[in-house]
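Novice: Can you keep this structure in mind? I'll have questions shortly.
Please treat every number below as a calculation from the coordinates, not as lab data. Everything numeric here is computed off the predicted structure, so don't read it as measured data. Note: ideal-geometry Cβ built from the backbone for every residue, glycine included; neighbour counts use all protein chains shown.
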Amino acid sequence: MRRRFSSRASLLLFLSYIFLSCFPEYIETATVTLESIEILRTHEWLPVEPQVYFSCKGENKTFLPDVKKKNVVYAFRGQESWQPLTEFSNNKCKRCGLYEKDSLKSDDVFGEWEFCPDDFTVPNGQYGYSVEKEFNATFFCPDCVAMKADIENSSGSVEKNDKHHDGGRRMHWTVVVFTSALASSVIIVGMVAAYKFWQKKRREHEQARFLRLFEEDDDIEDELGIGPFGGSV
């Protein structure tokens, strides 16, 4: 029984491997790094160096320790210890922003916007974003370009962003359905194996009980002398 359950579980794992191999975009991620940034103002009233950081909703803050003065363009190689800024696992946008840490009140906002893989241009994978009188920044994500091309090929359209998002949603639901079916199959196989094991134990228990009843009857007959060899002739 254990061998049968193990073989079925191995088959399910093998099917999962084949599916993920066919759709690698659901495993790989597109890494975003910061190429350059210039802050045009600071929000602190005190004469201290600003603490600038980038963050997307639900993710950790990424502080930019080199950014200390306004009106200075800071360029990066993408290999700094605080890189990358964020990662995309699909073509869904994120709500991200650039902020300045404040020691007395809530953090100040340079700007917040919808950060999307589609924003990165072909072929170099760059994306520039600026907020008037606040900051100018350039981001880099070559994997986003490849992700965008994959989505365009799978959806059969390269003209409208809406079609790209629709294709991404269809593939997302495919993954959800497949994962749900896989989990249900594992649960059903486990329940069937447990039920068969319970039936086997129940039969063994009934057989043992039946044998004990015969033994008890033999003992009573022997005590009363009414067994096959008991009594007087």
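Novice: If you take the charge dipole of the stretch 27-163 about its Cα centre, with +1 on Lys and Arg Cβ and -1 on Asp and Glu Cβ, which of G97, Y127, T86 is farthest toward its positive end?
Specialist: G97
Novice: Mind pulling the per residue volume of the convex hull built on the Cα atoms of the stretch 27-163? Å³ is fine. Numbers along the way, then the final one.
Specialist: Working: hull volume 16.4 nm³, N = 137.
Dividing the Cα hull volume of the stretch 27-163 by its residue count gives 120 Å³.
Novice: What residues have an amide H closer than 5 Å to that of D102, excluding those fewer than 5 places away on the same chain, when H is modeled at 1.01 Å from N in the peptide plane?
Specialist: D107, D108
Novice: Using θ = phi - 60° and the Karplus curve 6.51 cos²θ - 1.76 cosθ + 1.60, what whole-Hz ³J(HN,Hα) does each residue of the stretch 47-61 get, with Gly and Pro shown as x?
Specialist: So the Karplus estimates, Gly and Pro as x, are x, 10, 5, x, 10, 8, 8, 10, 7, 10, 4, x, 10, 6, 7 Hz.
Novice: Taking a 24 Å limit on the Cα-Cα distance, which of the listed pairs K105/K133; K57/K92; K101/K133; K70/K101; K68/K105; K68/K94 fall beyond it? Can you show the working numbers first?
Specialist: Numbers: K105/K133 22 Å; K57/K92 13 Å; K101/K133 18 Å; K70/K101 15 Å; K68/K105 20 Å; K68/K94 26 Å.
Flagged as over cut-off: K68/K94.
Novice: On to the next question. Sequence-distant or interchain residues sharing an amide H contact under 5 Å with F139, placed H: which?
Specialist: Distant-sequence amide H within range of F139: E35, Y127, G128, Y129.
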